[in-house]
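Q: Shown below is the structure under consideration.
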Ligand SMILES: [Zn+2]
């Protein structure tokens with residue numbers, strides 16, 4: 001039981017970091033250490049919880065931080081930033 005009850009649904013990281021959209025991804029496979037998720041747009045994401053702290057709050061619905069992240073990504077993309085620039089901006093803002 002990898003991420004536990006709080007990791008049943010997550011914000012799809014591909015949608016969030018690539019498009020600035022908040023889309024739910026449901027867990028499709030719960031492993032010993034790694035959970036697999038699939039979002040409505042068919043992005044598959046694996047999260048390894050090995051050595052990580054398990055979430056103490058449900059990861060869905062989106063947190064304030066996720067919403068802030070979405071806002072920044074949308075803004076940067078509108079300015080024509082590429083993916084690396086977007087990620088750097090998120091690091092600068094302590095969102096990543
Ligand atoms: Zn997605």
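Q: Across region 28-43, what is the number of residues that are within 14 Å of the chain's Cα centre (by Cα) and assigned to a strand (DSSP E or B)?
A: 5
Q: Let me ask something else. Which count do you get for residues in region 44-76 that are assigned to a loop (DSSP other than H, G, I, E, B), without any contact (Cβ under 8 Å) to a residue 40 or more places away in the chain and over 17 Å from residue 14 (Cα atoms)?
A: Of the residues in region 44-76, 4 are assigned to a loop (DSSP other than H, G, I, E, B), without any contact (Cβ under 8 Å) to a residue 40 or more places away in the chain and over 17 Å from residue 14 (Cα atoms).
Q: Any chance region 83-90 includes a residue that's within 16 Å of the ligand (Cβ to nearest atom), modelled with pLDDT of 95 or more, part of a helix (DSSP H, G or I) and touching a helix residue (DSSP H, G or I) at 6+ places or on another chain (Cβ under 6 Å)?
A: Yes, that holds for at least one residue.
Q: Turning to a different aspect of this structure: Applying the selection to region 3-15, what residues are in a helix (DSSP H, G or I), within 30 Å of residue 75 (Cα to Cα) and more than 8 Å from the ligand (Cβ to nearest atom)?
A: Answer for region 3-15, where residues must be in a helix (DSSP H, G or I), within 30 Å of residue 75 (Cα to Cα) and more than 8 Å from the ligand (Cβ to nearest atom): 6, 7.
Q: For region 33-43, indicate whether the set of residues that are without any contact (Cβ under 8 Å) to a residue 12 or more places away in the chain, within 27 Å of residue 86 (Cα to Cα) and surrounded by fewer than 17 Cβ atoms within 10 Å (Cβ to Cβ) is non-empty.
A: Looking for residues that are without any contact (Cβ under 8 Å) to a residue 12 or more places away in the chain, within 27 Å of residue 86 (Cα to Cα) and surrounded by fewer than 17 Cβ atoms within 10 Å (Cβ to Cβ), one finds at least one in region 33-43, hence yes.
Q: Could you figure out which of (1) at pLDDT 95 or above; (2) in contact with a helix residue (DSSP H, G or I) (Cβ under 9 Å, 6 or more places away or on another chain); (3) more than 16 Å from residue 5 (Cβ to Cβ) isn't true of residue 27?
A: Unmet condition: (3).
Q: Being more than 8 Å from the ligand (Cβ to nearest atom) and more than 19 Å from residue 83 (Cα to Cα) is the filter; apply it to region 16-32 and report the residue that is surrounded by the most Cβ atoms within 10 Å (Cβ to Cβ).
A: This residue is 27.
The values are calculated or read from the model by the stated rules, or taken from the named source; none is laboratory data. Owing to the predicted nature of the structure, the values given are computational and were not obtained by experimental measurement. Reconstructed Cβ throughout: ideal geometry from the backbone, glycine too, with neighbour counts over all protein chains shown.
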